[in-house]
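Engineer: Have a look at this one.
The values are calculated or read from the model by the stated rules, or taken from the named source; none is laboratory data. Source: prediction; values computed, not measured. Note that each Cβ is placed from the backbone with ideal geometry, even for glycine, and that neighbours are counted across all protein chains shown.
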Amino acid sequence: MLRLNFSIELNYEIAPPGCDFIFSIHAAQTPHQIVVSESLGISQSLPPILYTDPVAHTRYLRLKAFAGPLTVRYAATVDLDHHTAQPAQLGEVAVADLPGAVLPYIYPSRYCQSDRLQRLAVKEFGQLWQGYSRVQAIRDWVLNRVTFLSNSSTGNTSAVDTLVEEVGVCRDFAHLMIALCRAVNIPARFVTGIDYGSDPALGPTDFHAYVEVYLGDRWYIFDPSGVAIPMGFVRFGTGRDAADSAFSTMFGGVRGTAPVIQIEAIPNAQGVLMVPRHVPYALSTDGQVERN
């Protein structure tokens, strides 16, 4: 079992009369991601309101902040006990057989216009074996087609934009992979969190976006950006795309600075230090999704 300890600090300057926030910075509690301990600090005297989505496990923090400075600090220790599977044993599921909870992730969405990429996706991937290897081929295609470049996109950049521009950050890689998967009827969703093991050349630790694809009977992790180690991903929120899964959504006048994030691997409950590494098998931190 892998144990990670991390902290997040967010700083804002809020204009009068104040600002409402929705944060998604709490580690999700899932069958294979266990929150051992956590703490939340808010510089203003505000009552935090927490809500957990019963299906996606996303934990939302709502605040109604006053004008002036605001600092939000969250820290947690998380155990990752990944479900693992052999890629060759993971097949795709026919749309008619998908669980109801998976259906939202087969449709086009704001940033993942799978309907516009269907012809391309069928041409590139339509003849491949329908399983994990096809998803891996889509992931590799995106990684080889798009160059990671910091500050190369905006909040309006979509999968189609990334396909044309051929540059982006992790969120853009994720959107393009998701759109291509959905275009060949593979459910895929957008995931936010942080990671241990990202390339130091990319700068300080930051939030990370990656992809989960539904294969067999659960959601499996893929990282189309290739800048981090999937075993070291701590999941926060999931959604159809970035519109559903921002780490901070603000409703009012506010200026913010770059988040300050620290993460380290520490000895687990058995006193063993495990460090995330690349592995040849499929990884999931979600539980089995029951068909209905």
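Engineer: Within the range 139-168, how many residues are polar (S, T, N, Q), modelled with pLDDT under 95 and in contact with a strand residue (DSSP E or B) (Cβ under 8 Å, 6 or more places away or on another chain)?
Structural biologist: So the answer is 2.
Engineer: Inside the range 16-121, counting only strands (runs of 3 or more DSSP E) that do not spill past its ends, which hold 1 or more residues that are among the basic types (Lys, Arg) and under 25 Å from ALA243 (Cβ atoms)?
Structural biologist: Result: 59-65.
Engineer: Against the definition (crowded, with 18+ Cβ neighbours inside 10 Å, assigned to a loop (DSSP other than H, G, I, E, B) and hydrophobic (A, V, I, L, M, F, W, C)), how does VAL279 come out, yes or no?
Structural biologist: No: the conditions fail for VAL279.
Engineer: While we're looking at this one, here's another question. Looking at the range 91-139, which of its residues are crowded, with 18+ Cβ neighbours inside 10 Å and basic (Lys, Arg)?
Structural biologist: ARG134, ARG139, listed by residue number.
Engineer: With respect to GLY237, is the statement that it is modelled with pLDDT of 95 or more, surrounded by 14 or more Cβ atoms within 10 Å (Cβ to Cβ) and either in a loop (DSSP other than H, G, I, E, B) or among the small types (Gly, Ala, Ser) (or both) true?
Structural biologist: Judged against the criteria, GLY237 is a match.
Engineer: How do the pairs read when you match residues in the range 242-264 that are more than 12 Å from GLU9 (Cβ to Cβ) and of a type in the set (Asp, Glu) with residues anywhere that are at pLDDT 95 or above and outside any loop (DSSP other than H, G, I, E, B), using Cβ under 6 Å and keeping only pairs 6 or more apart or on different chains?
Structural biologist: Pairs that qualify, where the first residue is more than 12 Å from GLU9 (Cβ to Cβ) and of a type in the set (Asp, Glu) and the partner is at pLDDT 95 or above and outside any loop (DSSP other than H, G, I, E, B), are GLU264/ASN5.
Engineer: Does any residue of the range 189-205 turn out to be part of a helix (DSSP H, G or I) and among the basic types (Lys, Arg)?
Structural biologist: No, the conditions are met nowhere in the range 189-205.
Engineer: Another question about this same structure. Residue by residue through the range 41-78, note down the ones that are touching a His at 6+ places or on another chain (Cβ under 9 Å) and not basic (Lys, Arg).
Structural biologist: The answer is LEU50, THR52, THR58, TYR60, LEU61, TYR74, ALA76.
Engineer: Does SER114 satisfy being touching a Pro at 6+ places or on another chain (Cβ under 6 Å), under 25 Å from PHE207 (Cβ atoms) and not basic (Lys, Arg)?
Structural biologist: yes
Engineer: Something else about it: Would you mind stating whether ALA27 is farther than 20 Å from PHE251 by Cβ, in contact with a helix residue (DSSP H, G or I) (Cβ under 9 Å, 6 or more places away or on another chain), among the small types (Gly, Ala, Ser) and buried (at least 18 other Cβ atoms within 10 Å of the Cβ)?
Structural biologist: In short, no.
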